[in-house]
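Peer 1: Structure incoming, see below.
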Amino acid sequence: MASASAAAAAAEWEAAERKVLVARKPCFGLPTACPTSLPVLLYLRLAQVPFDVHVDTSFPDADHIPYVEFGDCVAFNNEKGGVIEYLKGEKIVDLNSKLTSVSPSDVLSTKAMVSTWLADALQYELWVVDDGSITHDIYFSDLAWPIGKILHWKKTRDVKHLLGITKLNAAEKEEEIYQKASAAYEALSLRLGDQIFLFDNSPTDVDALLLGHALFVLNALPDTSVLRGTLQKHENLVNFVEHHKVQLLEDSSSSGLGSSPSPSSSSTPRKRASAGQSYKPKPKAKKERTEEEKKFRQRAKYFLATQLVAVLVFLSLMGGVDSSELDDDDGMDYED
């Protein structure tokens, strides 16, 4: 049954003339400034897959973004281990299958460093260390201020909880996070050496994850960032990033491997026109709304209504909560 499903998904992938990556908006000179979306984009470009990029700004805290649409199929970030794992598991796009002389355990252990130690350090800098300006530009700039403030505060609490940070152990946890990140960069630098890729001079999902992480760190984090300073100590890692930035982000855009991001107001997968069709609507005095337009208007009304409710809730909470609690949640104890 599973093999039949994989075969059907692979056939759908091959039949789809154009794939669509739905990601968060570009910023900081990157085609998408989301640390989760960027590795998926890079993975597709390393695999030389032609695709379009659509930007979603409607649901900043949605965990199903990024996702890839192909034909009638959709691969979501919050299902089956994420988009990259789905593409590998369904034998659709598996860069790792080209490795011949590398032990799978070496690949997995290297991948674990990037997806845990480095990912945790980046989450820490984004949601705990930073003043909120970076995350505002990525996630919340299209929302009303109170809603963005509430969502940022909630995400900060979640990250602290995830990393096990409390008021009592904050200093020790920070030291531990940066020590692990430093060790990971050191190991990755030794693993890379003077190669173009981490394994067998052939691209893998680990290259996509590391490139996405490092591109974000070098382009989005400020000069005062501890994580950025630690990465910059390893010249070969920086050269690795700069080389692939030119190959995958600059040259690929001009060659059509991934078109420039286009805005999308909905995080719901869209129906697209068939290949080769061109629509030139005739002018009409009055046009009947289609079902899709009606659904879009209903969705927009619902979104505005939820924003209004959130503002009212925020204002009611502000009446009994000191504003400093929204800016500093270090006093929260997650060990209840």
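Peer 1: Grab the other residues whose beta carbon is less than 13 angstrom from that of Glu90, score K and R as +1, D and E as -1, and report the net.
Peer 2: -2
Peer 1: In nanometres, what is the gap between the two model label sites at Asp61 and His243, each 7 Å from Cα along Cα-to-Cβ?
Peer 2: Here the answer is 4.2 nm between the modelled labels.
Peer 1: Filter the GluC sites (Glu not before Pro) in region 53-121 down to the DSSP loop ones having no more than 15 other Cβ atoms within 10 Å, then list what survives.
Peer 2: Glu79
Peer 1: Same structure, new question: Which order, highest average first, do 148-154, 27-33 follow once you tally other Cβ atoms within 10 Å for each residue and take the mean per peptide?
Peer 2: 27-33, 148-154
Peer 1: What is the percent carbon and sulfur in the accessible area of region 1-251, measuring with a 1.4 Å probe over the protein chains and ignoring ligands?
Peer 2: 53 percent
Peer 1: Could I ask something else about it? Over region 1-251, how many percent of alpha carbon pairs lie in each 5 Å bin up to the one with the longest distance?
Peer 2: That works out to 1, 6, 13, 17, 18, 17, 14, 8, 4, 1, 0, 0, in percent per bin.
Peer 1: Let me ask something else about it. Grab the beta carbon distance between Val102 and Trp145, set R0 = 35 Å, and tell me the FRET efficiency rounded to 0.05.
Peer 2: Once rounded, the FRET efficiency stands at 0.10.
Peer 1: Let me ask something additional. Starting from 0.36 nm per residue, how many nanometres of slack lie between Ala112 and Lys80 once their C-alpha separation is accounted for?
Peer 2: That pair, Ala112 and Lys80, stretches by 9.8 nm at full extension.
Peer 1: Treating the beta-carbon of each Lys and Arg as +1 and of each Asp and Glu as -1, no other charges, what is the dipole magnitude of region 1-251 about its Cα centre, to the nearest 20 debye?
Peer 2: My answer is approximately 400 debye.
Peer 1: Quote the accessible area belonging to Phe76 in square angstrom, nearest 10, computed with a 1.4 Å probe and with ligands, DNA and RNA left uncounted.
Peer 2: Here the residue's solvent-accessible area equals roughly 50 Å².
Peer 1: What is the gain in length, in nm to one decimal, between Asp137 and Lys180 on full extension, counting 0.36 nm per residue of separation less the C-alpha to C-alpha distance?
Peer 2: Taking 0.36 nm per residue and subtracting the Cα distance, the gain is 12.7 nm.
Peer 1: Students often get this wrong, so check it: of Lys80/Lys160; Lys25/Lys155; Lys19/Lys91; Lys25/Lys149, which have C-alpha atoms separated by over 21 Å?
Peer 2: From Lys80/Lys160; Lys25/Lys155; Lys19/Lys91; Lys25/Lys149, over 21 Å: Lys80/Lys160.
Peer 1: Report the local net charge at Asp142: Lys and Arg +1, Asp and Glu -1, summed over other residues whose C-beta lies under 12 Å from its C-beta.
Peer 2: 0
Peer 1: Mind giving me the nanometre distance, one decimal, between the label points for Arg18 and Ser5, set 7 Å out from Cα along Cα→Cβ?
Peer 2: Here the modelled spin labels are 3.0 nm apart.
The values are calculated or read from the model by the stated rules, or taken from the named source; none is laboratory data. The structure displayed is predicted, hence computed values, not measured ones. As a convention, Cβ positions derive from the backbone with ideal geometry for all residues, glycine included, and neighbour counts pool all protein chains shown. The accessibility values were calculated without ligands, DNA or RNA, using every heavy atom of the protein model including side chains. Shrake-Rupley method; radii C 1.70, N 1.55, O 1.52, S 1.80 Å.
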